[in-house]
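Here's the structure, in structure tokens; my notes come after.
Any read-out appearing in this document is the output of simple, stated calculations on the displayed coordinates, not a laboratory observation. Computed from a predicted model, the values in this text were never measured in an experiment. Backbone-built Cβ (ideal geometry, glycine too); neighbour counts: all protein chains shown.
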Amino acid sequence: MSRANYSGFAPLVLPALLLNACANIPADRGWVDVRNSVAAHGQEISPSSNDVTDTARAATTEKLLAQPLHFEDAITLGLLNSPQMAAIYAQLGLAGAEVLQAGRLSNPKLSGSFGFPLTSGGAGFGFGITQDFLGLLFLPARSRLARADFGRAKATAGAAVMQLAAGIGHSYYLAIEARQNAELLALIEQAADAASTYAQALFDAGNLSELQLDVQKVASAQAELDAEDAAAERDMARLQLNREMGLSATQTEWQLAGGLSLPIAQEDDAQQLQTLAAAQRLDLQAAQAELAVRQAALAFARSTRWLFNAELGSDYARDTDRDRSAGPSISLALPVFEQGQSRLLRAQAEVELAQAQVDELRIDISNEVQSAIEQLKHARHRVDLLGTRLLPLRQSIVEQTQTRANYGLLGVFEPLQAKQQKYAAEQGYLNAIGDYWLARVALARAVGGRLPSDAQIGAAQTGIESFKPLMDQPRSIASAAGPSSQSSGENTAQPAPSRQPAANSQHAHSSHSGVSP
């Protein structure tokens, strides 16, 4: 007679069902926790992609694109439309699946047998269902580890959202800087073209040499090339921001609001920013959560080192003679070749690796914050030097040169050259302001949230209008130029029409906003 194992369902299945009832995750995969976490860092985000219909997303996008975009509008669009947000949400789903898997027992194994008699007696048959006993015993511990790892996944998702928002902010200020730089170089091109036109008129009247004419034509051609390069950079910066906002190439008919603002009155304390970064960086919190999970896993591995696969059940057997028997059964793996050394070593190595990653990230954050602080400091110093020293001197040179030209002490082109040098200084000033705001974005990214000094940012902009040439030479000056114009050095023409910039002309602090395209 042969017999097989049969495990009763009740002693195994009922406890498993009770434990499995607790192994669940929120329907939103923990997205509410992610939203609350990033909101505490100053960044609002929409509900999960599953909670926002395509119709609602399109309506919000259309509403925001219908008006000039401010800093917050660009980030809202990016966090609403970017496929990266869907990827972040999907990662939460993968982490949630691990929680569900860890909170459930492996499926029981069903077996059957039939024995043929080799001597006297009848044939025997049996059925068996076996279940991993240690899986049932360790189910609560495994579930706790998985939930802790799910907490790490939510912190990682929050860090990814903050990084995405920072990237959008960076592209936003790049687009503003490129926009205003293109406007200024267009004005410089106009001035150079007017000078070339005027030079041609003087040459035609016999009051200018061919060499002097060629010099002005070269300057005009170079200014046109510079303006074209700036326009290309503006278009590329707009397309980059368009991509960051999750918009297609057919959704480029939007405008940026305002212009680059001047630096704020008072920057944040460096030590305060270091403390803030160490406390609120979500990627550091995620790494610390990972370390905690690995430490708990190591403790679990140590406590269960000498426990191996075990299956528990009850016997039932019957043969053709109608003999029956029943009783408990257990199956144990003998620690002959493996005593858990590999499992323990792996857990120990994972703790060491997680600790090294936390230590490395702390060092990286500290240096990243300090580097961003230094970058911001130098950018602000450049703005101050250009705005308070170089530009006033360039303006003074223009005024003095024009006065001397009006009295016939200088030729007509010296004032134009002085103005062109002033325009170049103004271009450097605008670029310095752009670098300043890009440095603030980098510092906010390094700190892991909004800067305390953001509260100082007001509502007015520093626009390109303030850099509009004071005395443009008109394109029509050639018709009014005569032999006496060269000797007197007086400018009798009317100001040239310039491309009308869209930015505000006030020199004041502003909110995160940019110029319209």
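Between Ile168, Ala146, Thr156, the Cα set farthest toward the positive side of the dipole of segment 142-213 (charges on each charged residue's Cβ, about the Cα centre) is that of Ala146.
Solvent-free Debye calculation, one equal scatterer per alpha-carbon of segment 338-426: log10 I(q)/I(0) at 0.14, 0.15, 0.16 Å⁻¹ equals -0.71, -0.75, -0.79.
Taken over segment 261-300, the percentage of Cα pairs per 5 Å bin, counting from 0 up to the bin with the maximum distance, is 6, 18, 14, 14, 13, 12, 7, 6, 4, 3, 2, 0.
Evaluated with a Cβ-only charge set (Lys, Arg +1; Asp, Glu -1), segment 333-428 carries a dipole of roughly 720 debye about its Cα centre, given to the nearest 20. Exposure proxy ranking for Tyr436, Tyr172, Tyr89, based on other Cβ atoms within 10 angstrom of each Cβ and starting from the fewest, stands as Tyr89, Tyr436, Tyr172.
Take 27-39, 423-435 and order them by the average number of nearby Cβ atoms within 10 Å per residue, most first; the result is 423-435, 27-39. If only the Cβ of Lys and Arg carry +1 and only the Cβ of Asp and Glu carry -1, the dipole of segment 170-214 around its Cα centre is close to 180 debye. Phi angles across segment 209-216 convert, under the Karplus curve 6.51 cos²θ - 1.76 cosθ + 1.60 with θ = phi - 60°, into 3J(HN,Hα) values of 6, 5, 4, 5, 5, 5, 4, 5 Hz, Gly and Pro given as x. Neighbour counts of C-beta atoms inside 10 Å place Phe300, Phe71, Phe337 in the sequence Phe337, Phe300, Phe71, starting with the fewest. Across all directions, the average projected area of the convex hull around the alpha carbons of segment 157-263 is 9.8 nm². Once you charge only the Cβ atoms, +1 for Lys and Arg and -1 for Asp and Glu, what is the size of the charge dipole of segment 375-418 about its Cα centre, to the nearest 20 debye? So the magnitude is around 300 debye.
Local charge for Lys217 was computed over the other residues whose Cβ lies under 12 Å away, with Lys and Arg +1 and Asp and Glu -1, and equals -4. Taking θ as phi - 60° and the Karplus parameters 6.51, -1.76 and 1.60, the scalar couplings of segment 40-45 work out to 5, 9, x, 10, 8, 10 Hz in sequence order, x denoting glycine and proline. Would you please give the FRET efficiency between Arg302 and Glu360, computed as 1/(1 + (r/R0)^6) with r the Cβ-Cβ distance and R0 = 35 Å, to the nearest 0.05? Using R0 = 35 Å, I get an efficiency of 0.85.
Computed from backbone phi with θ = phi - 60° and the Karplus coefficients 6.51, -1.76 and 1.60, the 3J(HN,Hα) list for segment 175-192 is 5, 5, 4, 5, 5, 6, 5, 5, 5, 5, 5, 5, 5, 4, 4, 4, 5, 5 Hz; x is used for glycine and proline. Using C-alpha pairs under 8 Å with a sequence gap of at least 6, the mean separation divided by the residue count of segment 166-226 gives a relative contact order of 37 percent.
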